[in-house]
Every structure is written in C-alpha cells, then in structure tokens.
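Quick note: the coordinates plus some simple rules give every number you see, no bench work behind them. Remember, it's a predicted structure, so these values are computed and weren't measured experimentally. Ideal geometry is used to build each Cβ from the backbone, glycine not excepted, and the neighbour counts take in all protein chains shown.
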Amino acid sequence: MPRPAPGSARSNDAAPVLDITRRVEFAAAHRLHRPDLSDAANARLYGPCAHKGGHGHNYVLEVTLRGQVDPATGMVIDLKELKAVMEREVVAKCDHRNLNLDPDFLRGVIPTAENVAVGCWRVLERRLPAGLLHRVRLYESPRKFVDFYGASAPRNAGVPLAGAAANGAVRTPPGATPQSRRPRGVR
Ligand SMILES: [Zn+2]
C-alpha cells in the first residue's frame, strides 16, 4: 500500500496525469520514390529526397506517454523501461540503416517522416503498457517534424491536444492517416 501523502487524502483516481517524453536519435538513409511515377515527377513531388543514390538524415524521435503518477513510485513509467523499448524496437532497426530496405516495420511503405512516425508508433505500442502511448514526434531535420497520436485520434489531433503541432509541424496528411494495418505508402 502506498503511504498517503501528508495532508492529502488523494485516491489513485485523482492522481495527477502527466506527459512524459523520452528522446532518442538515429542516423539513417532513405530515398523517397514512387515507382509508378517518372523520375521528373518524383523530383517534383519529393525534391532532394528523391535523389537516386539516397541520402541521410539525423532523425530525432520523441515518444510521449500520458498517464497517472503511480503513488508507489512517483513516476508515470520508469524511463529506463521506455528507453530500452525505443532502443530495441526503433534505434537498433534504423540507426545506420537504409529505411527503404532494413526496418521490418517499414516494409512496403515510402519512408517519409510521416510513414516512419506511424511505423514507430505501431512497434512501440505493442511493447509499452497499454493505453500509455500518447504521441510520437519524429524530426527529420531541426525544422521539420511530424506528430502522430495514433490511428484512433481525430485527424487534426495536434490542435486540441497540445498546440505544439501547430507550431511548424508537418501533420500527417488526411490521405495517409492509417486506417488499415499496412498503409501502402502513397502520400
Ligand atoms: Zn530525405
């Protein structure tokens, strides 16, 4: 039994709810390319990310869990646990790899920041305590990031939840919001 805090009769139902975030980094190569389009059309669509030889990005992945503080530990989750899951499920599969070829969770999709973020959500959700995963934010560069709140979130989830996504975030376009288990990667 957790010891009641002095001066507080707080039950677990009233425990504060917090967002807690862990950040990891990985460097990976990719090429954005739709085989059904010409090279010129791909270049117009994806810009330099369509270059034939591929190129690299220094990705930053931030994973936010939202949950009640456990009165026994004073924590939402042990961050060591979250870090271990992120390292095993994402970093080990992506760091110094080719996102078009290597990570099993990106098979069959065009590795845009949007699709990588959705893929990260899916592998992390399976390994984290149920219901805690709140947001996956993936930076493809210091000025470009995407936020994903899960398939069940409203399509413009960034607006009511935090406002952070409104500040320069590139949101998942409506057509890419995953309703199926394996989106085929067309933006
Ligand atoms: Zn790129």
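Structure values in brief
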| quantity | calculated |
| --- | --- |
| Virtual spin-label span in nm between Glu125 and Asn58, 7 Å along Cα→Cβ | 3.1 |
| Efficiency of FRET between Val69 and Arg34 - r from beta-carbon atoms, R0 35 angstrom, step 0.05 | 0.15 |
| Filtered trypsin sites (Lys or Arg not before Pro), region 32-102: DSSP coil and at most 16 other beta carbons within 10 Å | Lys52 |
